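Below: the structure, in structure tokens.
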Amino acid sequence: MLKKIVVFLFAASVCAFAYSQKVNIIPAPASVTELNEEGFSLNQKTVLYIDTKGEEMEVAKFLQESFSSAFGTKLRTIDKKKLKNKDLKNAIIFVRVSDKTLKDEGYQLDINKDKIVVQANENAGFFYALQSICQLSEGQLLPGHLTLWQDEKINPATTSITLPSCSITDYPRFAYRGKHFDPARHFFTIDQVKRHIDLMAYHKLNTLHFHLTDDQGWRVEIKRYPKLQSVASKRSGTIIGHYNDNDQRNPNYDGVPHGGYYTQKELKELVEYAKARNIEIIPEIDLPGHASAALAAYPYLGCKGEGYKVQGTWGVFEEVFCTKDSVLEFFKGVFDELIEIFPSRYIHIGGDECPKTNWKSCPKCQEQIKLHGLKDEKELQSWFMHSLQAYLESKGRKIIAWDELLEGGAAEGATIMSWQGESGGEQAAKAGLDAIMSPAAYLYFDYYQGEPECEPLAIGGYTPLKKVYLYEPVPRNLTKEQAKHIIGVQANTWTEYIPTYTDLQYMDFPRIAALCEIAWSKAENKNYDCFLARLETLFKSYDKMNVNYSRSHYTIGAEVSFNTSLQSPEVTLTSVAKGADIFYSLDTCQNKHFVPYTQSIVIDRPTTLTAYAEREGNRVSPIFTASYFPNKATGKPYTIENLNPQYTGSTKNALTDALVGSQKSYDKWVGTYGYDYCVIVDLQTEQEISEISINFLENVGSWIFLPLSVEFSTGLQQDMLEPIEATNVTISQNGQIQNHHAKFPKRKARFVKIFAKSIKQCPANHPGAGYPAHVFGDEVIVN
């Protein structure tokens, strides 16, 4: 217990240094001063003073709804022209100012025992001040736009709400703070979209990227093309289980029809609903790939002209839109209607994952290449996208496209959404183009957020809360001027494996809380321990709104270090759950005996560790399980050529930490991207060895391929290594993990080298044909 108290006090002191503990707001404001005086008591007698004819009354309506929900009575509202000094008690005052220090969307919030004063240049500032006021109530007061979703009301007969005395100056770091919403794979109702918009606004996000079309469904009404509604919006069934677990030539379907689309009337109403919450909706029509649904409705849009269907499985399909002129005219018609629905500055036109196999054999596409002097199919895609870009620009709109747009040459005037990594955003910024950072390795919320064995089925990957929070959107290699082109950040949640809105909430929350702090708060104001403390307060609001948020970040943390005196790895367990105790077991039987964790656990033999966190007799964390295999390489340093910085195994010794990577989670694997895999382990002293082993992961759908060959060599000097000829391969039962190992007569060695030859690029029959391929390895075992 003493150890737990010391750790908690240390964390609290760090957090107090970085940020006030009474002012629990997410995202962290730009500046906070906590006042050492009595707080403001919000009650039934509180009065709002405001320009009753000003635009800020639109925001005041949300405050009035909050008040009515909390106290069961109306908030008395008086025009601030009638304000007198004697009235400055139990007052809320809205003041419109012209203050450049607040910047766009900023506000000044001052709270003392007598009054709350909100100053802002524009409605957005007043709106965000309201979100902060409500968060300061620690869940007792919800913004009016969220009261619709709450489970219960505060008892109006007995309640007053105390807000801490403080002075807050606040404004966002990035102008674009986005969240992606995908109803194409699984359809969500308008009310569910509205609820998500309300929750986004509570986190001070200001852009909804609406992914309206894909292979599995077309979700926006286009009156000119009625078959997009009658055919493209429906599929006959959906694949059962994970794509990788199915026979991809003959998947197993559930046979349940799935469909839906939004009418133009519904979408226009949604646009206004979002606008009132300072959120702009940017629609996406994904081109020229992800086309199956539209092709099923209008087959002439494809190169073959027949044989299309709305897909019920996932992945990337070769059936894409043809680049002939009639297809361009079709989408000009689509965009004519779309821009009448969405007044957004931008239209997203996709551009990702477009196989070009059919274009190579299509006479119409080859004719376009010759006619426009294009080099190849990559330039053909670029020409196709730029043609539609020019049309949209003629209508006063700008485009956003995925980072593949850069592959075909200049993308002047486009804003690049960098999803494959940071390189797309960096390349765009260096070319003078605006970019939105959305790298999959950090900001894909359809990835697992906890141990896969404890989580709902997901597409793969691993983006836990801490990894999301620690992401820095501005690439280090940019100059100060180039960095100005990084206009924002966005997280994406693709819904292949997210069939219900409850499931979507689980995947998005609380990772959205981490996202909003990346997007809003100054980099120097970020502190993960402080964030976790504030998150506990935010959960009170989540509970009141009945948000199905994940608690996966409570999973036990297990850090492996090497005890040099014992020559064995040891595991240190931690929990971020406030006030929780940790219990663990090393038993292998089903009925395990758990004991309190008090000190690091030495692992001196192959061991399976099981642990959980408990608070007041209730388990608050998922069950943590890990298997360790200590060996002669454990704890030893290594070098690896061409390491992919996005897949380092999460620790500097991931290849030699005795912990073997799993099939579902990528965080323990060490990867290269487009290169061979070459690792040299330094055993540090001369050792007698007779066996070397390493695993490689295969997940073709995620562009992770097994090596073509693996070679082992050893030696006493790093530059004089001798090869080992005989190697054996064992493939795991489901074919996703391949173990390469060599057994040989005992020999003396200090250095062990493993060289795995990579396929380097995705093969011709793969959706990512021509793109770099991953190689993932873990764990190096030497005995």
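Read-outs throughout are calculated quantities, based only on the coordinates presented, and are distinct from any laboratory measurement. Owing to the predicted nature of the structure, the values given are computational and were not obtained by experimental measurement. Cβ placement follows ideal geometry from the backbone for every residue including glycine, while neighbour counts extend to all protein chains displayed.
Just a few scattered comments:
- The stretch 619-642 and the stretch 591-617 have Cα centres lying 16 Å from one another.
- Take the Cα of D51, step 7 Å toward its Cβ, do the same at R747, and the gap between the two points is 8.3 nm.
- Helix content alone sets the calculated 222 nm mean residue ellipticity of the chain: runs of n ≥ 4 DSSP H residues at -39500 (n - 2.57) each, divided across all residues, give -7000 deg cm²/dmol.
- Packing-based exposure ordering (other Cβ within 10 Å, fewest first) of M720, M417: M720, M417
- Length gained when the stretch D104-E453 is fully extended (0.36 nm per residue, less Cα-Cα span): 121.2 nm
- Residues W494, W402, sorted so that the one with the fewest Cβ neighbours within 10 Å comes first: W494, W402
- Loop trypsin sites (Lys or Arg not before Pro), the stretch 167-231, which have at most 13 other Cβ atoms in a 10 Å radius of their Cβ (DSSP): K223, R224
- Placing pseudo-labels 7 Å out from each Cα toward the beta carbon at V595 and D254 gives an inter-label distance of 4.6 nm.
- DSSP bridge analysis restricted to the chain gives an antiparallel fraction near 70%, rounded to the nearest 5.
- Partner aspartates and glutamates whose Cα lies under 13 Å from the Cα of K746, excluding those fewer than 8 positions away in the same chain, are identified as E686, E688, E691.
- Extended-chain gain in nm, criterion 0.36 nm per residue less alpha-carbon gap, T564 and T500: 18.0 nm
- Of all DSSP beta bridges in the stretch 20-159, antiparallel share, percent nearest 5: 30 percent
- DSSP-loop trypsin sites (Lys or Arg not before Pro) across the stretch 244-311, with at most 11 other Cβ within 10 angstrom: R249
- C-alpha center-to-center spacing [the stretch 486-519, the stretch 194-268] in angstrom: 17 Å
- Rounded FRET efficiency, nearest 0.05, which uses the C-beta distance separating K113 from K375 and R0 of 56 Å: 0.20
- One decimal place: the segment N548-S690 gains 45.9 nm when fully extended, by the rule 0.36 nm per residue minus the C-alpha distance.
- Taking max minus min of the alpha-carbon positions on each principal axis, the stretch 638-782 gives extents of 46, 29, 29 Å, largest first.
- For D587 and E393, a Förster radius of 56 Å and the Cβ-Cβ distance give a FRET efficiency of 0.25, rounded to the nearest 0.05.
- Of the trypsin sites (Lys or Arg not before Pro) in the stretch 430-481, those whose Cβ has at most 10 other Cβ within 10 Å and which sit in DSSP loop: R476
- Pairwise centroid distance, computed over Cα atoms, of the stretch 34-73 with the stretch 443-469, Å: 39 Å
- Peptides 30-37, 113-120 ordered by average Cβ neighbours within 10 Å, highest first: 113-120, 30-37
- Computed from the C-beta positions of S167 and R615 and an R0 of 25 Å, the FRET efficiency is 0.15 to the nearest 0.05.
- Taking label points 7 Å from Cα along the Cα-to-Cβ direction, K480 and D325 give a separation of 5.2 nm.
- With coordinates expressed along the principal axes, the C-alpha atoms belonging to the stretch 31-170 extend over 41, 34, 30 Å, beginning with the largest.
- Computed over Cα pairs, the Kirkwood radius of the chain leads via Stokes-Einstein (1.567 mPa s, 4 °C) to a diffusion coefficient of 45 µm² per second.
- Mean separation of Cα contacts under 8 Å, 6 or more apart, over the residue count of the chain: relative contact order %: 10 percent
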